[in-house]
Amino acid sequence: MTTLSANSPVVIAEIAQAHDGSLGIAHKMIDCVASAGTSHIKFQMHFADYESTIHDRFRTSGFPQDESRYDYWKRIEFTKDQWAGIIQHCVEKDLEVVVSPFSDYALDLCEHLGVRAIKIGSGEVTNRPFLENVSKRFHSHIISTGLSTWDDIDNAYQILSAQSQEVAILQCTTEYPCPLNKIGLNNIELIKRKYGCLAGLSDHSGRISPALTAYAQGFTDIIELHVAYSRNAFGPDSTSSITFEELASLHVLLSEIHTMLISPTDKDTLATDKASLQTLFGRSLYFLCDLPSGTILNKEHLGYKKPGGYLTYDYLESVIGRRILKNVVHDEPVTLEVLE
């Protein structure tokens, strides 16, 4: 989970509920994530009977087929066998699987299916018994902090790091979509310095610019983004997602940023390497008119023109008042050999 690739941070493509309970769509999205060049894929594992009640409310409206959030979770949940097929498909595509389980029942299934990385959803950060259960059974954890105070993060980190050295904390703002002025990129550096762990961004903006900016700042190890076929698709996270085409573009841009970040340059060395271009774009002293031998040079006889490679402007005062030893023509470069 934490191994950085040669040219970018870890990027986690969050499927969440974008499949809307369709097993076929879930499998197709696995293919799309792999085709985009992403190494990590994330699912949320919901089982209505183990995490919700009929009193559970939607955070957003627009679910005509679901009378309650419990109904929604029930409709979109997969069976154990279906989850096994999903995980196996990811393995076949060389995708590292990250799961956010929302019950101990889901946590049991993750363990049974060999899931190695567990993401703690923002709403579960203060769920102490759940965190203790996770810490005892898994050794790779990611904490999302969209609803957390620093005290909440302190407590969760203390629990999860007690038995594991692989804990990552992601800056997150729980708004869908999240406006750019609330992304909170400054917190990534604070997390890095405060906990000394892997840090990153869990983004809900529906844009790639926060991820790119976060990485360019130099503190980001992990980037998580929701993905969907379209921001106009049905579902609670569509407007907060990027498309698979944008996901592929993100990888290209991260690679380009990485190349620049690891390639410091020395100005003197660069200038030396470009000596021929210095001559091409530089300037030299030239005669502005035809002059016979014996002419005493004055400033009006001389101009500073391209290309370079001959006497520079620094020689101007030293050549004025000197006699030329031969006939010269317009735009002939001034050289010391023709001067007395």
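Bear in mind that the values in this text are calculations on the coordinates, not laboratory data. Everything quoted here is computed from the prediction, not taken from an experiment. Cβ atoms come from the backbone with ideal geometry, glycine included; neighbour counts cover every protein chain shown.
Quick notes on this structure:
- The GNM of the chain, with springs linking C-alpha atoms under 10 angstrom apart, assigns the highest mean-square fluctuation among His55, His139, His19 to His55.
- Among (i) 1.03; (ii) 1.33; (iii) 1.53, the entry derived from the coordinates for Rg/Rh (Cα atoms, Kirkwood Rh): (ii)
- Residue-averaged [θ]222 nm for the chain, counting only DSSP H segments that reach four residues, each worth -39500 (n - 2.57): -10500 deg cm²/dmol
- When each of the peptides 297-303, 271-277 is scored by how many other beta carbons lie within 10 Å of its residues on average, the order from highest to lowest is 297-303, 271-277.
- Among Ile54, Ile30, Ile222, the largest mean-square fluctuation in a Gaussian network model of the chain, built with springs joining Cα atoms closer than 10 Å, belongs to Ile54.
- Segment 124-150 and segment 40-114 have Cα centres separated by 17 Å.
- Each of the peptides 44-51, 176-183, 313-320 was scored by the mean count of other Cβ atoms within 10 Å over its residues; in descending order, highest first, they stand as 44-51, 176-183, 313-320.
- Structure remark: mean-square fluctuation, Gaussian network model of the chain, C-alpha springs under 10 Å; the largest value among Gly123, Gly309, Gly21 belongs to Gly309.
- Highest to lowest packing among 101-109, 129-137, scored as the average C-beta count within 10 Å: 101-109, 129-137
- Under the criterion of Cα pairs below 8 Å and six or more residues apart, the relative contact order for the chain equals 14 percent.
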